[in-house]
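Engineer: Take a look at the following structure, please.
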Amino acid sequence: MSYQVLARKWRPKSFATLIGQEHVVRALTHALDQQRLHHAYLFTGTRGVGKTTIARIMAKALNCETGITSTPCGTCSSCVEIDGGRFIDYIELDAASNRGVEDMTGLLDKATYAPTRGRFKVYVIDEVHQLTGHAFNAMLKTLEEPPEHVKFILATTDPQKIPITVLSRCLQFNLKQMPQQSIIDHLSRILDAESVKFEAPALRHLAKAAAGSMRDALSLLDQAIAHGAGVIEEEKVRDMLGTVGDDYLYALLDALVARDVAALIAVADQMETRSLNFDSALQELAVLFHRIALLQFAPEAMGDSDERERLKSYAAAFDAEFLQLCYQIAIHGRDDLALAPDEYAGFTMALLRMVAFNPETASARPADPTPAPARPAPVAAKPAPAQAAVATPPAAQRQAAPAAPAVSDDWHGIVAALSLSGMARQLAQHCELVEVGEAQITLHLPPAHKHLLARTPQDKLQTELQAHYGRPLKLNINIAAAATETPAERAKNARHARQEQAIAAIEGDSFVREVVEMFDASIDESTIKPI
């Protein structure tokens, strides 16, 4: 006996076995049970979510020899023939290849005749949006005044292309993409029934790759069984799909926290060696950034799970604003892959962007005490006259804040001298020194950065401070607004001052002023970068 692919073998044959479309099943079941039947139904949704499957079940429900019912018997000749695709009063038309007015006219001419065997003639038109305008016009007349014995079931992945005159004459049902967990549960049941051994984590990769399509999930499952010689193993499924394992993703997160460029490139090299999919890697990184951000702002949404425990340290380590930037770099990096010299270059450039735009990376660089020359900025022709920039004075020129009590140590100099990296360095840079006692050192950490208060970075900072002062000290960090400028704020203000100096240099340049006056233009200050 020839092998039947899983997508056909396990195609649902009743509403009870349909997965993930409960809202549609509920509405159709009530309509059938109450005999409130419409003459035209439109099912919309992405591929593989059950549009034509529901159409076949509807055809059986309308033509079952036991009567119109939401639970067709599945054993009578009508049900069996519809399942086999050979019922004479069940007609499927693929509008992708039969889209002209002649095809539609020929179909509708036959619709006027009574059914040969069944109770109703059921016409299923798949990808109906591909019909021509004339074909839609030909259909419209029949939809307005349909024969009592005809039911139309239209299916499409793009309802926006269907004329409103057709939409208004149909009952429309939007089929959802399958949730990953529903796909995983269904694949598990099928593998148990097929007596195929499998590793549960492997199904998660298949469900994710299916992107909400149950049919795609079953096709991938067939491929995975063949690839694994009858056994579904996570490593082999990952190799088959080219997906990136959690070990690579978390190694990338660790390197980003530590701002360790060498480690980032090493992970990328390992991925290239295994021919892993860089587009998938950026997608998975974006998912992790989203989950970490969710843990920072709405931890209750994560619930209690192993994933939450694993991501907790990253939620504390990543600055919230920097995390949002990493997310943007990841999702836009996917678009850039097609433009990059090769995917490896595009992927590593996205990682380097994340490091380069980390504010802690910038603050770790020594500040240049002399103003740097500015690059000429592009001058954009605009109707409005040139605007003079208003420079924000550096922090030192602003009104001084009240000094913190009992502080005789230069916290900025101490932080610069400490051998810290990653989250511990971020913690120190966002703190303010309040008091140094014989046995205790007290710091203030502004509430906006309280996520940095994890045990590991506190322990590292305490160890470094003990080494700096040469005696045992207990580190005490209180959540409170800083009364003075923290090292992170000083670095930010220094960058801002350099930016203002660069803008002033551009606007004071005689050549730039001449061009502005000549073309009645203005300077785009966002393009000015100090060097």
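Engineer: Note down the nm distance, to one decimal, between modelled labels 7 Å out along Cα→Cβ at Asp279 and at Glu144.
Structural biologist: In this crude spin-label approximation the distance works out to 4.6 nm.
Engineer: Could you compute the FRET efficiency for Ser419 and Val5, with r as their C-beta to C-beta distance and R0 at 56 Å, rounded to 0.05?
Structural biologist: Given R0 = 56 Å and the Cβ-Cβ separation, E is 0.40.
Engineer: Here's something else I'd like to know. With each run of n ≥ 4 DSSP H residues scored as -39500 (n - 2.57), what mean residue ellipticity at 222 nm is computed for the chain after dividing by its residue count and rounding to the nearest 500 deg cm²/dmol?
Structural biologist: Mean residue ellipticity at 222 nm (helix-derived): -15500 deg cm²/dmol.
Engineer: Can you sort Phe297, Phe511 from fewest to most other Cβ atoms within 10 Å of each residue's own Cβ?
Structural biologist: With the fewest neighbours first, Phe297, Phe511 line up as Phe511, Phe297.
Engineer: Hey, another quick one. When the chain is fully extended, how far beyond the present Cα-Cα distance does Ala481 get from Glu300, taking 0.36 nm per residue of separation?
Structural biologist: Full extension of this stretch gives 62.5 nm more.
Engineer: Another one. Can you tell me how much longer the chain between Asp269 and Asp158 gets when fully stretched, taken as 0.36 nm per residue apart minus their C-alpha distance, in nm with one decimal?
Structural biologist: 35.9 nm
Engineer: What's the magnitude of the charge dipole for the stretch 402-484 around its Cα centre, counting Lys and Arg as +1 and Asp and Glu as -1 at the beta-carbon? Answer in Debye, nearest 20.
Structural biologist: Charge dipole, the stretch 402-484, about its Cα centre: 300 debye, nearest 20.
Engineer: How much net charge surrounds Leu171 when only other residues with a Cβ under 12 Å from its Cβ are counted (Lys, Arg +1; Asp, Glu -1)?
Structural biologist: Counting the neighbours of Leu171, the net charge comes to +3.
Engineer: If you don't mind, there's one more thing I want to ask. Just one of (1) 26.0; (2) 36.4; (3) 34.7 is mean projected area of the Cα convex hull in nm² as worked out from the coordinates here. Which one is it?
Structural biologist: (2)
Engineer: Further question on the same structure: Work the Kirkwood hydrodynamic radius out for the stretch 180-241: mean of 1/r over every pair of different alpha-carbon atoms, inverted, in Å.
Structural biologist: For the stretch 180-241, inverting the mean 1/r across all distinct Cα pairs yields 11.0 Å.
Engineer: Anything over 29 Å Cα to Cα? Flag those among Lys236/Lys460; Lys141/Lys161; Lys9/Lys151; Lys9/Lys236, in the order listed.
Structural biologist: Pairs exceeding 29 Å: Lys236/Lys460.
Engineer: Compute and list, largest first, the equivalent-ellipsoid semi-axes of the stretch 246-357 from the alpha carbon gyration tensor, each √(5λ) rounded to a whole angstrom.
Structural biologist: Square roots of five times the eigenvalues give 24, 14, 13 Å.
Engineer: Suppose we keep just the alpha-carbon trace of the stretch 402-484; what are its Rg and Dmax in angstrom?
Structural biologist: Using the Cα atoms of the stretch 402-484, the pair Rg, Dmax is 11.6, 32 Å.
Engineer: With a cut-off of 8 Å between alpha carbons and a minimum separation of six or more residues, what is the relative contact order of the chain in percent?
Structural biologist: 12
Engineer: Still on this structure, I have one more. If packing is taken as the average count of other Cβ atoms within 10 Å, what order do 112-121, 46-55 fall into, highest mean first?
Structural biologist: 46-55, 112-121
Engineer: Can you list the HN-Hα couplings for the stretch 325-336, worked out from phi with the Karplus curve (6.51, -1.76, 1.60; θ = phi - 60°), rounded to whole Hz and with x for Gly and Pro?
Structural biologist: 5, 4, 4, 5, 5, 5, 6, 6, x, 5, 5, 6
Engineer: Report the extension gain between Ala193 and Asn174 in nm, rounded to one decimal, defined as 0.36 nm multiplied by the number of residues separating them, less their alpha carbon distance.
Structural biologist: 3.8 nm
Engineer: If you restrict to DSSP beta bridges whose two residues both lie in the chain, what percentage is antiparallel, to the nearest 5?
Structural biologist: Of all bridge pairs located within the chain, approximately 20 percent are antiparallel.
Engineer: While we're on this one: I need the calculated FRET efficiency for the pair Cys76 and Gln34, taking r as the beta carbon distance and R₀ as 25 Å, to the nearest 0.05.
Structural biologist: Taking R0 as 25 Å, the efficiency between Cys76 and Gln34 is 0.65.
Engineer: So, in nm, how far is label His134 from label Glu435 when the simple model puts each one 7 Å beyond its Cα toward the Cβ?
Structural biologist: 9.1
All of the numbers you see were taken from the coordinates with simple rules; none came from a lab. This structure is a prediction, so every number in the text was calculated from the model and none was measured. In this analysis, Cβ positions are derived from the backbone assuming ideal geometry, glycine residues included, and neighbour counts consider all displayed protein chains.
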